[in-house]
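Peer 1: Following this message is one structure expressed as structure tokens.
Derivation of every value follows stated rules applied to the coordinates shown; laboratory data play no part. Computed from a predicted model, the values in this text were never measured in an experiment. Positions of Cβ are generated from backbone atoms using ideal geometry, with glycine treated the same way; all protein chains shown enter the neighbour counts.
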Amino acid sequence: MVLQCQAAKEKGTHMMKRSFFSVTAPRLQVDSLPGVLPDSVRIETPRQIMLLIEETADNGNAMMLRKGDPVKTGQKISLSTDSKAYAISTVTGTITHIEPFPGESGKQFTAVSVAVSKEADPDESFATYCDSPSLEGAVNLLGCLPGSPAFEIFMDADKPIKTIVINAMDQDLFIITAQYALTAFYHNLTQGIQHLKTITGVEKVVIAAPQDAIQGYGDIGASVMGIDKGYPEGLPHLIAQRVAGHEIPVGKDFQDFGMAFLGVEAVASLGRSFQNKKPARTKMVTFMDKNGNRSLVSTIVGTPIRDILKRFDLGLNDQDRIIIGGPLNGYSTYTDAFPIRPDTDAILLQDKDDVAFVSDYPCINCGDCVRVCPARVPVNMLIRFLEAGQYEEAAENYDLYSCLECGLCSYVCVARIPIFQSIKLAKYELGRAATGEAADE
Amino acid sequence: MNNPKKLIVSHAPFIHIGSSIPQMSLHIILAALPAVILGGMFRFGASAVAVVSFSIATAMLWEIAINLVSKKPVSVGDGNAAVIGLIFAMLLPATAPWWFVLTGTFIAIVIGKQIFGGMGSNPFNPVALAIAILMISWGDFLDFDEMYRHFQFDFIPTYPLTAVKHFGLDAIEPVRLMDLLLGRQIGGIGATFGIGLILGGVYLMIRGFIRWEISLSFLGGVFITALIFNIIDPSRFASPFFHLLTGYTLVAAFFLAPEDSSSPVNFIPMLIYGAVGGMMTILIRNIGAYVDGAILSILLINLLNPLLDKIRPKTLGKVA
């Protein structure tokens with residue numbers, strides 16, 4: 001059964017319902033780009049932006065940042081000289097707040113708010129980098145380009161990268177950001193691939209693109225691989241499996257097989273940065289309002305969601321929901337001050353009447369999750385152990401770590417058990433226990 | 001900023017397919033209604049209505065009672081107790097006494113389901129368990145020939161399975177398959193009307209409320225085993241079609257065997273589960289001591305379920 005998301009987008013997130021005939025597991029598809037490329041809606045530079053740095057301010061290092069410090073456009077902002085985490089300011093202005101900011105899944109950020117001044121004053125460090133591009137420079141300066149390219153995986157000498165996979169598959173339903181970047185930023189993408197090859201020395205580049213969009217990329221400098229649009233075929237794990245030609249064993253990552261994943265927008269940003277001799281700062285975001293009207297928004301990294309809502313004249317009510325990313329594997333936030341981050345592909349609004357609630361019912365063993373699971377995890381058994389808090393057992397005997405985190409099990413669950421949440425919680429708790437043990441030794 | 005809205009934060013996914021347990025229960029009840037109303041109530045009259053109503057009502061009351069006693073939230077709203085009450089009534093004769101129904105629903109709800117932890121935790125089909133215990137304790141009340149003795153029918157009022165077991169094929173010579181399909185036979189309130197049961201079953205299968213693999217392999221198991229017996233000795237063993245349409249076969253295939261909690265979820269286990277159930281039904285009927293083997297074979301495959309479900313595809317990325 002193909003549930004048509006195209007139909008859903010007209011009505012918003014409450015339309016994705018069970019089809020009348022349900023002999024087989026439901027099959028969801030990611031959306032296609034409209035035939036005519038939509039114009040993106042530009043959001044004006046807001047008066048205030050927020051940059052999130054994935055580090056807490058209390059780690060004992062000397063704080064480099066002070067309230068009132070001036071920042072330039074393109075300036076690297078980090079909490080201390082030693083810290084690896086950083087943000088790149090997309091505006092010129094003054095720091096107004098530095099505060100801890102709790103993120104999704106237990107992540108801790110430091111939020112740096114910058115009041116934007118009228119005059120733009122570009123920082124010179126990128127121009128210097130342009131003269132002598134290197135991988136170290138990319139790790140230090142380009143990690144916060146729109147699309148969030150992870151260059152540090154190329155630095156690991158033990159796991160040399162042989163193949164760069166550029167993922168042009170949108171990671172969830174409703175999102176068209178990656179497909180748009182693939183089509184609209186062809187030129188920058190070509191430049192980006194060239195540059196990537198130069199700084200990493202990797203020759204083999206593969207673009208994973210939707211099956212119906214693989215034509216016309218002959219001169220781009222990479223081979224194109226068509227991927228089925230059925231969700232979750234576009235998740236990196238399943239693409240890696242196709243590129244490698246075999247399953248990725250549990251506990252191994254893509255680097256173990258010489259693969260590095262970069263988002264298509266990240267590579268295009270790289271190309272654009274070199275073309276303009278200044279770091280790209282505009283992020284493409286799929287924005288969908290409560291009624292399912294979808295727009296493509298182009299805005300600078302750091303723009304609070306509030307400003308996007310203002311641009312569309314949209315208000316929020318109590319108990320509405322802001323979803324960052326897609327409806328199946330995104331996360332929700334508690335504040336409309338949440339900024340666009342380099343890896344934010346979509347913002348969805350959900351009305352309080354459409355919010356899908358979970359229940360505390362036990363598993364009734366109907367097996368819908370088992371049939372829908374792309375990783376063939378025995379979810380019906382797994383959830384019993386997770387609900388009992390027996391995480392080790394769940395990992396050992398019921399394949400917790402095979403989970404690809406696509407969210408389909410919770411989506412189909414008749415008892416409306418928050419299975420996906422339990423899985424994430426179990427992984428988080430086991431991860432914490434493991435780091436705790438490592439710290440003890 | 002001065003008056004921030006309180007947004008809902010929860011974990012992904014943010015959409016749901018829309019299915020729910022009450023919806024599932026409702027559709028199972030709907031699917032059973034043709035067989036119960038057309039096959040049972042019109043054929044057997046007001047006493048059938050009384051048994052069905054009392055069975056559903058007592059099943060729900062037992063559920064509420066055990067919820068209160070165990071200080072758990074009242075779960076009668078999920079409809080599962082009503083489903084159990086209805087399916088239980090489908091297997092009873094229309095003349096079943098009130099205490100028989102009351103005891104049966106007690107066994108099904110309390111012993112069959114709730115003491116194991118409620119819906120989803122029962123290792124046996126609650127209805128099959130209740131019928132099996134009643135069959136052993138007060139078997140006479142499930143003897144359909146005896147129970148319908150005072151009824152007037154325009155067809156031969158003998159329970160086909162008893163007839164063929166004790167009097168051989170000659171006794172069922174006048175029974176036409178069409179009669180069985182149209183419910184012109186005696187038996188459980190909801191178990192006689194073949195067409196109604198098949199319609200209900202097909203509806204549940206295409207809507208995905210039951211797993212077609214289990215139902216079809218159960219029927220396949222019945223058919224093939226009966227066919228083998230029939231081929232070996234056509235003078236002693238009835239045709240496979242006869243077995244498909246008599247006794248509890250269709251109810252078992254569509255309403256008992258696919259019960260979620262006590263059945264497997266993987267493809268091959270579902271096929272084995274169903275096929276073994278069908279096969280055992282015929283073995284008990286043809287060479288066993290009991291007239292109808294469906295109930296006991298359901299309990300047997302329930303017992304096999306955890307073992308069978310170990311047969312499953314290798315998980316993604318699992319090494320050896």
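Peer 1: With a point put 7 Å past each Cα toward its Cβ, work out how far residue A:82 is from residue A:67 in nm, to one decimal.
Peer 2: The two pseudo-label positions are separated by 2.6 nm.
Peer 1: If you fit an axis through the alpha-carbon atoms of helix A:264-276 and take the longest principal axis of the Cα set of chain A, what angle between them do you get, 0 to 90°, nearest 10?
Peer 2: That works out to roughly 10 degrees.
Peer 1: I've got another one for you. Got a sec to turn the phi values of the range A:120-132 into Karplus ³J(HN,Hα) couplings, 6.51 cos²θ - 1.76 cosθ + 1.60 with θ = phi - 60°, whole Hz, x for Gly and Pro?
Peer 2: Couplings: 8, 10, x, 7, 8, 5, 5, 4, 4, 4, 4, 5, 9 Hz.
Peer 1: What's the whole-number percent of alpha carbon pairs in the protein assembly as shown lying beyond 52 angstrom?
Peer 2: In whole percent, the long-distance tail amounts to 28.
Peer 1: Return the long-range amide H neighbours of residue A:73 (sequence gap of 5 or more, or a different chain), with a cut-off of under 5 Å between placed amide H atoms.
Peer 2: Here the answer is A:92, A:121, A:123, since their amide H atoms fall under 5 Å of that of residue A:73.
Peer 1: Which of the listed residues, A:155, B:28, A:90, is farthest toward the dipole's positive end in the protein assembly as shown, when Lys, Arg count +1 and Asp, Glu count -1 at the beta-carbon?
Peer 2: B:28
Peer 1: For the residue pair residue A:152 and residue A:37, what label-to-label distance in nm results when each label sits 7 Å from Cα along the Cα-to-beta-carbon direction?
Peer 2: Result: 3.4 nm between the two label points.
Peer 1: Scan around residue A:227 for amide H atoms under 5 Å from its own, H built in the peptide plane at 1.01 Å from N, and keep only partners 5 or more places away or cross-chain.
Peer 2: A:209, A:211
Peer 1: Residue by residue through the range A:252-261, which ³J(HN,Hα) values in whole Hz follow from phi under the Karplus form 6.51 cos²θ - 1.76 cosθ + 1.60 (θ = phi - 60°), with glycine and proline marked x?
Peer 2: Listing the rounded values in order: 9, 10, 5, 4, 4, 10, x, 10, 10, 9 Hz.
Peer 1: Continuing with this model, one more query. Taking Cα pairs under 8 Å and at least six residues apart, what relative contact order does chain A come out at, in percent?
Peer 2: Working: 877 pairs, mean separation 72.9, N = 441.
Reported relative contact order: 17 percent.
Peer 1: Using the alpha-carbon atoms, what tilt in degrees (0 to 90, nearest 10) does helix B:46-69 show relative to the longest principal axis of chain B?
Peer 2: It is inclined by approximately 40 degrees.
Peer 1: On the first, second and third principal axes, largest extent first, how far apart are the outermost C-alpha atoms of the range A:263-369 in Å?
Peer 2: 58, 34, 22
Peer 1: Oh, and also: Show me, for the range B:224-239, the HN-Hα J-couplings you get by feeding each phi into the Karplus relation (A = 6.51, B = -1.76, C = 1.60, θ = phi - 60°), rounded to Hz, glycine and proline as x.
Peer 2: These are the phi-based 3J(HN,Hα) values: 5, 5, 5, 5, 4, 4, 4, 6, 5, 9, x, 7, 10, 10, 6, 5 Hz.
Peer 1: Counting helices only, and only those DSSP H runs with n ≥ 4, report the 222 nm mean residue ellipticity of chain B as the sum of -39,500 (n - 2.57) divided by its residues, in deg cm²/dmol to the nearest 500.
Peer 2: -16000 deg cm²/dmol
Peer 1: While we're looking at this one, here's another question. Report, by chain and number, residues whose modeled amide H sits under 5 Å from the one on residue A:300, excluding near sequence neighbours (fewer than 5 apart, same chain).
Peer 2: A:283
Peer 1: Now, a different point. Obtain the radius of gyration and the Kirkwood radius of the range A:368-440 from its C-alpha atoms and give Rg over Rh.
Peer 2: Rg/Rh: 1.00.
Peer 1: Mind checking which of B:163, B:37, B:83 is farthest towards the positive end of chain B's charge dipole, using Cβ charges of +1 (Lys, Arg) and -1 (Asp, Glu) about the Cα centre?
Peer 2: In chain B, that residue is B:83.
Peer 1: Taking the 0 to 90 degree range and rounding to the nearest ten, how far is the long axis of helix A:186-200 tilted relative to the main principal axis of chain A, both from C-alpha atoms?
Peer 2: On a 0 to 90 degree scale, this one is about 80.
Peer 1: Take each of the peptides A:143-156, B:191-204, A:198-211, average the number of other beta-carbon atoms within 10 Å over its residues, and list them starting from the highest.
Peer 2: Top of the packing list down: B:191-204, A:143-156, A:198-211.
Peer 1: Sort A:407-418, A:289-300 by packing, meaning the average of other beta carbons within 10 Å per residue, with the highest value first.
Peer 2: Numbers: A:407-418: 25.3, A:289-300: 19.4.
Put in order of decreasing packing, that is A:407-418, A:289-300.
Peer 1: In debye to the nearest 20, how big a dipole does chain B give about its Cα centre with +1 on each Lys and Arg Cβ and -1 on each Asp and Glu Cβ?
Peer 2: Roughly 1220 debye for chain B.
Peer 1: So for each of A:113-122, A:310-319 I average, over its residues, the number of other beta carbons within 10 Å; can you give me the resulting order with the highest mean first?
Peer 2: Highest to lowest by the protection proxy: A:113-122, A:310-319.
Peer 1: Right, another one. Among A:291, A:317, A:342, which residue has its Cα furthest toward the positive end of the charge dipole of the range A:281-354, with +1 on Lys/Arg Cβ and -1 on Asp/Glu Cβ?
Peer 2: My answer, from the dipole projection, is A:342.
Peer 1: Hey, how many Å between the Cα centroid of the range A:216-255 and the Cα centroid of the range A:370-441?
Peer 2: One Cα centre to the other: 24 Å.
Peer 1: Further, regarding this structure: Would you mind counting up the charge near residue B:88? Only other residues with Cβ under 14 Å from its Cβ, with Lys and Arg at +1 and Asp and Glu at -1.
Peer 2: With Lys, Arg at +1 and Asp, Glu at -1, the net is -1.
Peer 1: Could you pull out every one of the aspartates and glutamates with an alpha carbon less than 20 Å from that of residue A:229, ignoring same-chain neighbours closer than 8 positions?
Peer 2: A:10, A:31, A:170, A:172, A:212, A:247, A:265, A:345, A:405
Peer 1: Could you tell me how far the Cα centroid of the range B:131-158 sits from the Cα centroid of the range A:173-199, in Å?
Peer 2: Result: 75 Å between the Cα centres.
Peer 1: Calculate, for residue A:134 and residue A:334, the FRET efficiency according to 1/(1 + (r/R0)^6) with r their C-beta to C-beta distance and R0 41 Å; round to the nearest 0.05.
Peer 2: After rounding to 0.05, the efficiency reads 0.55.
Peer 1: Same structure, new question: What's the local net charge at residue A:44, with K and R +1, D and E -1, over the other residues with C-beta under 10 Å away?
Peer 2: In short, +3.
Peer 1: Once you put a point 7 Å from the Cα of residue B:70 and another 7 Å from the Cα of residue B:98, both along the Cβ direction, what distance in nm separates them?
Peer 2: Computed distance between label sites residue B:70 and residue B:98 equals 2.8 nm.
Peer 1: Give me the inter-chain shielding for B:202-208: mean count of other chain Cβ atoms within 10 Å, whole number please. Kindly include the intermediate steps, with their values, before the conclusion.
Peer 2: Values: counts 0, 0, 0, 3, 4, 6, 13.
Mean partner shielding for this stretch: 4.
Peer 1: What's the average, rounded to a whole number, of partner chain beta-carbon atoms within 10 Å of each residue's beta-carbon in A:313-326?
Peer 2: For peptide A:313-326, the averaged partner shielding equals 3.
Peer 1: Still on this structure: With N denoting the number of residues in the range B:21-141, provide Rg(C-alpha) divided by 2.2 N^0.38 Å, to two decimal places.
Peer 2: Compactness ratio reported: 1.00.
Peer 1: Just how large is the dipole of the protein assembly as shown about the Cα centre, in debye to the nearest 20, putting +1 at every Lys and Arg Cβ and -1 at every Asp and Glu Cβ?
Peer 2: The dipole magnitude comes to about 940 debye.
Peer 1: Could you pull out the pairs from A:67/A:107; A:159/A:424; A:427/B:113 whose alpha carbons sit more than 30 Å apart here? Show your work: numbers first, answer last.
Peer 2: Values: A:67/A:107 23 Å; A:159/A:424 27 Å; A:427/B:113 32 Å.
From the list (A:67/A:107; A:159/A:424; A:427/B:113), the Cα-Cα distance tops 30 Å for A:427/B:113.
Peer 1: Going by Cα centres, the range B:289-308 and the range B:11-68 are how many Å apart?
Peer 2: Here the two parts' Cα centres lie 23 Å apart.
Peer 1: Classify chain A from the C-alpha gyration tensor, please: rounded if a/c falls under 1.5, else prolate or oblate depending on whether a/b exceeds b/c.
Peer 2: The shape class here is rounded.
Peer 1: Let me ask something else about it. Over the alpha-carbon set of the range A:311-441, divide Rg by the Kirkwood Rh and report the Rg/Rh ratio to two decimals. All intermediate terms of the calculation are to be shown ahead of the outcome.
Peer 2: Numbers: Rg = 17.1 Å, Rh = 16.6 Å.
In the range A:311-441, Rg relative to Rh is 1.03.
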